[in-house]
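As structure tokens, the structure follows; a few thoughts come after it.
The values are calculated or read from the model by the stated rules, or taken from the named source; none is laboratory data. Just so you know, these numbers come straight off a predicted model, no measurement behind them. Note: ideal-geometry Cβ built from the backbone for every residue, glycine included; neighbour counts use all protein chains shown.
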Amino acid sequence: MIAVIILLVFGMIFCLLMIIKTEVTYKNRLILIDAIYKYRISLINQHIYEPGVDYKDKESFDKTLFRLWDWGYKRILPKEKFEIIEPFIEEAKKK
């Protein structure tokens, strides 16, 4: 009986953790989407029409969600693509 209660408690803690992780992952992806948008607008203003970063460069939501130890947004894009939009992230985080 005690083992079942302990299992239920750990299950509830895991579910709560996944709910919080889902919200954090969603917000991090929105920050990156906004940073990519600002990057692409700056390219258009400079009359450069070949973007280095595209929206489809992001990894899938599920892959990001189930990487439980990573709560940031740095690994959602490949490293070389992330370095391109990094200057636009602080502006996107203010939103």
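Restricting Glu59, Glu80, Glu86 to residues that are out of contact with any Phe, Trp or Tyr (no Cβ under 6 Å at 6 or more places or on another chain), surrounded by 12 or more Cβ atoms within 10 Å (Cβ to Cβ), at pLDDT 90 or above and part of a helix (DSSP H, G or I) narrows the list to Glu86. Among the criteria (1) under 21 Å from Lys94 (Cα atoms); (2) under 11 Å from the mean Cα position of the chain (by Cα); (3) assigned to a helix (DSSP H, G or I), the one Tyr73 does not fulfil is (3). Summed over segment 1-56, residues that are surrounded by 12 or more Cβ atoms within 10 Å (Cβ to Cβ), within 18 Å of Ile84 (Cβ to Cβ) and within 19 Å of the chain's Cα centre (by Cα) total 14. Here the condition is being touching a Ser or Thr at 6+ places or on another chain (Cβ under 7 Å) and free of Cβ contacts under 8 Å to residues at least 60 places away in the same chain; of Ile48, Ile76, it holds for Ile76 alone.
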